[in-house]
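Structure, as structure tokens:
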Amino acid sequence: MDTTQLALLALLAGVVIGGSVAAVIVIALRARDRARVETSLAIPDGVREVLHGMDDAAVVVDASFTVLAASAAAAPFQFAEGRAMPDEQLRALVRTVRAGARSETETLRLNRGAPPAEPRLVVVRATPISPRLTLLVIRDITERERVEQMRRDFVANTSHELKTPVGAVTLLAEAIESAADDPPQVRIFASRLTAEANRLALLTSRIMNLSRLQSSDELTEERDVSVDEVVAAALDTHAIQAGSAGVDVVRGGTRGLWVRGDPQVLSEAVGNLVANAIAYSPQGSSVGVGVKSVDGVVEIAVTDRGIGIAEGDQDRVFERFYRADPARARRTGGSGLGLSIVKHAVQRHGGEVRLWSRPGRGSTFTIRLPEIAPPADQADPKRGRRKTKKRSRAEASRPLPTNGEPA
């Protein structure tokens, strides 16, 4: 083998060795980059900008469920950058996505805001954006589901409830026509026709009010509201009813408390409780309306000494058209919508309604609303003390409502 052949052989061996070394280096670099990507917590470019432009709640979490980025709409669901994801349901969804390396969608109930705010129905879509990062997009569908449920219930319940007064109006109109030659009978039938027409008008009005509370997302006249004005308006509205029924309505408790909301809606809610208490109280008894503040929550309690509500009915009294005592409801003209309106009105204000009742001993309905500080021009503690002192002199002998068992 001559010198030229030896040189070519050496060159070929060098190329092979060099290529092998280069291949090993490239493989090592790719493995390093792949390991860096798998362990990196860096959010890809543009993700934060997309999150900040989203109307839905959206967050990026790492393998330890720490929120690395969040949209503005995620704040009400208690998501904050640098903090752990609070809900165990979402953690389970993230684990499923990471294990399967594919997107998943689930419908869940998540708390939005501090108690006593109601849980929200949401659709959550989880998508892996890297081996250690997961994107969660949360769409609140509570209002959509509420409207759909309202439509279904409206068709099922309202058609049934409207049959009675509509049928009565039709029969009474026919009776008036057949008794045209008998003026006394005409007057009797006309009086009953007027009563049925009023009942139909009341039912229609309450259905519309309930539909508005269920379908609207925001309160139309939201402002700082004096609880004293709300209670006073409710009592004034039902003063004639109380006088006709021979029931004494007593107002007691703390003065000068304020909440945030729609004064008309709140007055109607308290008024419905007062109307029910009067309707179910015996003649000569009293209905108490008490107000107090407990740990930043305003409690408005309406207590009666009436027939009470059986334990089996207490979970259903807030349902539309439900009547614990149908016979009494027919006598008093009840529509079965008053307590449902109360429930939805209070929930619209971020509160809740509680019930205590014992058959034969009476009932206490308590509206609980988040308290706010009084406006600067309304803060007058001396005036509040004078009012309390005046009430104690005038009403010291009258029982005041509590949030538990009546005295």
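The values are calculated or read from the model by the stated rules, or taken from the named source; none is laboratory data. It should be emphasised that the depicted structure is a prediction, and the values quoted were computed from it without experimental measurement. Using ideal geometry, Cβ is built from the backbone for each residue, glycine included, and neighbour counts are taken over all protein chains shown.
List of remarks:
- Some residue of the range 244-258 being free of Cβ contacts under 8 Å to residues at least 40 places away in the same chain, farther than 13 Å from Thr364 by Cα, in a helix (DSSP H, G or I) and assigned by TED's automatic domain parsing to the domain that holds His349: yes
- Checked against (1) over 27 Å from Ile367 (Cα atoms); (2) surrounded by fewer than 17 Cβ atoms within 10 Å (Cβ to Cβ); (3) out of contact with any Leu (no Cβ under 9 Å at 6 or more places or on another chain), Val67 meets all criteria but (2).
- Tabulated pairs, the range 305-317, first farther than 11 Å from Pro359 by Cβ, second of a type in the set (A, V, I, L, M, F, W, C) and in a loop (DSSP other than H, G, I, E, B), C-beta under 8 angstrom, 6+ apart or interchain: Arg316/Ala324; Val317/Ile309; Val317/Ala324
- At least 2 residues being of a type in the set (Gly, Ala, Ser) and modelled with pLDDT of 75 or more is the threshold, and among the helices (runs of 4 or more DSSP H) wholly inside the range 306-407 those reaching it are 338-348.
- Any hit, the range 200-207, residues being modelled with pLDDT under 90, in the same structural domain as Val274 (by TED's automatic domain parsing) and touching a Ser or Thr at 6+ places or on another chain (Cβ under 7 Å): no
Conditions (1) in contact with a Gly (Cβ under 7 Å, 6 or more places away or on another chain); (2) surrounded by 24 or more Cβ atoms within 10 Å (Cβ to Cβ), marked per residue:
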residue	(1), (2)
Val270	no, yes
Ser285	no, no
Gly290	yes, no
Ser293	no, no
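- Close Cβ contacts (under 7 Å, 6 or more residues apart or on different chains) running from residues in the range 284-299 that are assigned to a strand (DSSP E or B) to residues that are among the basic types (Lys, Arg) comprise Ser286/Arg305; Ser286/Arg398; Val289/Arg251; Val297/Arg368; Glu299/Lys292; Glu299/Arg368.
- Looking only at residues in the range 222-254 that are charged (D, E, K, R) and surrounded by fewer than 20 Cβ atoms within 10 Å (Cβ to Cβ), the one that is nearest to Ala345 (Cα to Cα) is Glu222.
- Search result, residues across the range 70-118 that are part of a strand (DSSP E or B) and surrounded by fewer than 17 Cβ atoms within 10 Å (Cβ to Cβ): Ala84, Glu104, Thr105, Glu106, Thr107, Leu108, Arg109, Asn111
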